[in-house]
Amino acid sequence: MAYPLKGIRVLDLSRVLAGPFAGRMLCDLGADVVKLEPPEGDVTRFWGQKVGGVSGYFNQQNAGKRDISVDLRDPRGAELVKKLVVQADVLIENFRPDVMGRLGLDYATLAALNPRLIMLSISGFGASNGDSARAAYAPIVHAELGLVARQATISDAFPADIACSVADTNASLHGLVALLAALYARGQSGQGEHIDLAMVDASLVTNDGMAYAMDGLDRPPPNEVFETAGGNLMLAGEFRYIWKCLTKIFDLSDGLGEDASLTEKIAARRAAVDHFFNHTCGDRAQVIAALDQMNIAWGDVRDAQEAASLTSVQARGALTEVDDRAGGTRTITQSPYHFKHLEAAVQAGAPHLGEHNREVLEEWLGFDAAQFADWHEVMVQKLP
């Protein structure tokens with residue numbers, strides 16, 4: 001089987017998550033992804049536990065990539081990037097919209113050097129508007145788009161960020177879709193493309209609750225977690241639906257007359273549901289059998305470490321082992337793409353800072369030892 005993006009060269013200037021995740025997926029699909037870092041390194045090199053000189057967070061987002069470290073604050077560093085761009089198919093960056101221009105690396109300049117270049121620019125609020133200059137990380141976008149407020153309403157608590165950086169990952173995945181579309185179009189026309197992708201756009205279009213907000217409606221009540229004899233279970237469906245199923249199939253009743261108030265009915269029905277899941281159903285097997293009989297989807301409330309024991313996670317190989325750069329192996333998320341005729345998989349663990357400086361310049365630019373020495377002063381290498 002072949003990797004579908006084998007032969008595609010990607011220069012990844014992005015940092016943290018929005019951008020690096022897209023580069024990781026391209027790498028899993030077979031692209032040659034070269035991460036370009038500043039001399040101080042991507043800040044996520046210091047997030048989480050380090051093994052073999054590589055942090056867990058950095059490892060997950062940058063597995064399989066090669067790495068060069070170039071000081072873009074040095075004019076010669078920017079010149080080296082231009083040389084690499086001539087050989088690249090794709091460039092990914094997630095600076096604020098004005099930064100690439102100040103470095104002399106804006107799309108117009110790079111496209112003049114390589115008209116086939118596809119450039120993905122991810123920013124918080126997109127280019128050329130009143131918010132463009134604002135710094136943005138996922139929590140900022142979550143707050144601005146109502147995700148934090150909705151979480152607070154559901155939890156009946158003071159607003160706090162949601163637990164997953166969905167604004168970043170949404171931007172990466174939508175950026176990936178746009179890149180693949182542009183690559184396909186380039187195959188027809190030979191023309192490159194510049195993609196201006198804003199985290200706010202990607203998060204809005206993937207927020208299924210926006211339809212309610214735009215119509216001025218409250219979103220339907222969320223799914224709930226129920227304490228049961230089988231443990232804490234998330235059930236798919238709001239409480240009224242769960243109650244309807246229980247009354248229809250198991251003849252559950254609130255025991256109240258027609259003159260009971262809504263408050264009384266809700267309290268009685270919740271008490272009846274609690275009794276059903278904890279007493280009528282005496283153990284986990286009976287709880288699950290009842291839910292399956294009602295065709296209600298359910299899930300155990302696990303922590304992230306416990307997720308590794310899920311049958312489907314194990315059966316599909318969603319977690320795999322890579323070289324930990326310290327003589328052993330380390331668990332990492334596997335590529336989610338399961339093709340019938342093509343291949344996708346994590347290629348290796350994440351690289352050290354500047355680990356492939358010489359290798360990339362030799363392969364991409366044909367540099368010999370003397371040429372590499374000429375540019376070595378704008379490059380950094382830090383191996384453990």
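Rule-based calculations on the coordinates, nothing more; no lab input. Not measured: the values here are computed from a predicted model. Quick reminder, even Gly has a Cβ in these numbers, built from the backbone with ideal geometry, and neighbours come from all protein chains shown.
If only the Cβ of Lys and Arg carry +1 and only the Cβ of Asp and Glu carry -1, the dipole of the chain around its Cα centre is close to 580 debye.
Note on the chain: helix-only mean residue ellipticity at 222 nm, from DSSP H runs of 4+ residues weighted -39500 (n - 2.57) and normalised by residue number, equals -11000 deg cm²/dmol.
Based on alpha-carbon centroids, what's the gap between the range 236-252 and the range 347-384 in Å, whole number please? After rounding, the separation between the Cα centres reads 63 Å.
Panel order for S14, S165, by other beta carbons found within 10 Å of each beta carbon, from fewest to most: S165, S14. Straight-distance candidates among the aspartates and glutamates for linking to K65, with alpha-carbon spacing under 14 Å and chain neighbours fewer than 8 residues away dropped: D12, D28, D32, E37, D42, D323, E355, E359. Using the Cβ-Cβ distance between F250 and E227 with R0 set to 22 Å, the FRET efficiency from 1/(1 + (r/R0)^6) comes to roughly 0.75. Sorting 30-43, 340-353, 218-231 by average packing, meaning the other beta carbons within 10 Å per residue, from highest down gives 30-43, 340-353, 218-231.
With both labels modelled 7 Å from their Cα along Cα-to-Cβ, the D274 to Q305 distance reads 3.1 nm. Taking each residue as 0.36 nm, the span from A160 to L113 lengthens on full extension beyond its C-alpha to C-alpha distance by 12.4 nm.
Calculate the FRET efficiency for A315 and K340 from the Cβ-Cβ distance with a Förster distance of 22 Å, rounded to the nearest 0.05. So the FRET efficiency works out to roughly 0.80. In plain terms, the chain from K6 to A289 could stretch by 97.1 nm, reckoned as 0.36 nm per residue minus the Cα-Cα distance.
Between A236 and Y212, the simple label model (points 7 Å from Cα in the Cβ direction) yields a spacing of 1.8 nm.
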